[in-house]
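Read through the structure below, which is laid out as structure tokens, and then see the notes.
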Amino acid sequence: GVVYGNGSIFMCIWLIGALVCAGFFAVSYRRCYREFRTSLPFCSEAAARWLGKHPLRREVQLRQSDRVSTPLTYGIRKPVILLPAGMDWEDEQRLNYILLHEHIHIRHFDTTKKMVMVSVLCVHWFNPLVWVMYLLFNRDMELACDEGVVRQSGANSRKAYANTLIRMEEKRSMVLPFCNYFSENVVRERIRAIMKTKKLTMGIVVLCAGILGAVTILFATSADS
């Protein structure tokens, strides 16, 4: 009876914690989503040309809002790239970097991944390692997009992209669990990673493939024995 009673108490504590955690994320998203719906279409010849050169099966909308201070992406079936209304978008190079970064988020279905991670976080809210995993996941997701921007734009773009990242970070003022931001608190680490990004050569590809093949053969041999 005592064991059953303790189990019931722990179950109630876990359920309350999970509901509080889920409620926090749901309320935060709903509040910000209502603000996002007040955004207006973003009209720019440079942006239209960029989207025309980077088509996706899902329709990508460009909108602007005075409720955000840094670019972000939200939505799954109909993704939206939301840009700050007060920014000067005459710098076409900076606009291209931002659109490419957010476009990579969309192609990688990062919003869906974040929703899955938030769900795991709500279930395992009591485990501090899961919170660490969530923070590292967000950091790695941004680093992957940064690397994608540099690889597609060329190694010579590293300095200009890093400067863009710094300018966006200075204006960041909000956090939303189901959105993907152009900037994060790990801006210093991201800039270091950007400056270290190297061109992916055929030699590196062959080397990685060889290592992967060797590891696969090794584990297959171990399993058979």
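The values are calculated or read from the model by the stated rules, or taken from the named source; none is laboratory data. Note that the coordinates shown come from a computational prediction; the quantities given were computed from them, not determined experimentally. Positions of Cβ are generated from backbone atoms using ideal geometry, with glycine treated the same way; all protein chains shown enter the neighbour counts. Calculation scope for accessible area: heavy atoms of the full protein, side chains included, ligands and nucleic acids excluded. Shrake-Rupley method; radii C 1.70, N 1.55, O 1.52, S 1.80 Å.
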What order, most packed first, do the peptides 125-132, 19-26, 8-15 have when packing is the mean number of other Cβ atoms within 10 Å of each residue? 19-26, 125-132, 8-15
Is the C-alpha gyration tensor of the stretch 57-144 telling us rounded, prolate or oblate? Criteria: a/c under 1.5 is rounded; beyond that, a/b larger than b/c is prolate, otherwise oblate. prolate
Extension gain, Trp89 back to Glu35 (0.36 nm per residue minus Cα-Cα distance, nm): 17.3 nm
Please list the non-local residues whose amide H lies under 5 Å from the amide H of Gln64, H modeled 1.01 Å from N, same-chain partners needing a gap of 5 or more. Leu40, Phe42, Leu83
Amide proton proximity set for His54, modelled H, under 5 Å, gap of 5+: none
Summing +1 per Lys or Arg and -1 per Asp or Glu among the other residues with Cβ less than 15 Å from Leu51's Cβ gives +3
Heavy-atom accessible area per residue - the stretch 1-145, 1.4 Å, Å²: 58 Å²
Starting from the Cα-Cα distance between Val20 and Phe109, subtract it from 0.36 nm times their residue separation and give me the gain in nm to one decimal. 29.4 nm
Mind listing which trypsin sites (Lys or Arg not before Pro) in the stretch 76-135 are in a DSSP loop and have 13 or fewer other Cβ atoms within 10 Å? Arg77
Run the 1.4 Å probe and let me know the accessible area of Asp66, rounded to the nearest 10 Å². 130 Å²
Let me check something: with ligands and nucleic acids excluded, how do Ile166, Ile16 order by accessible area (1.4 Å probe), largest to smallest? Ile16, Ile166
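In this model, which of Lys53/Lys78; Lys78/Lys114; Lys78/Lys113; Lys53/Lys159 are farther than 21 Å apart at the alpha-carbon?
Lys53/Lys159
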Residues of the stretch 71-96 with amide nitrogen under 17 Å from the 7 Å Cα-to-Cβ point of Arg49? 89-96
